[in-house]
């Protein structure tokens, strides 16, 4: 079983908590890089939320 499969099993049934974790992680990266890679971070967040079944709320990082 791959690491991604293990993570999916852990968060199954908790998409809101997974989405919050992804958002916090992305915000942390944006803060550390001074939003230099915000486009790539947003793309990664969207892909992770799609994988984990979480909704993609609109971002307001401007």
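The values are calculated or read from the model by the stated rules, or taken from the named source; none is laboratory data. Computed from a prediction, not measured in an experiment: that's the story for all the values here. Every residue, glycine among them, receives a Cβ derived from its backbone with ideal geometry; neighbour counts consider all protein chains shown.
Below are the figures for this structure:
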{"item": "Hey, residue 21 surrounded by fewer than 11 Cβ atoms within 10 Å (Cβ to Cβ) and at pLDDT 80 or above or not", "result": "no"}
{"item": "Tally of residues being under 9 Å from residue 52 (Cα atoms) and assigned to a helix (DSSP H, G or I) across segment 8-36", "result": "5"}
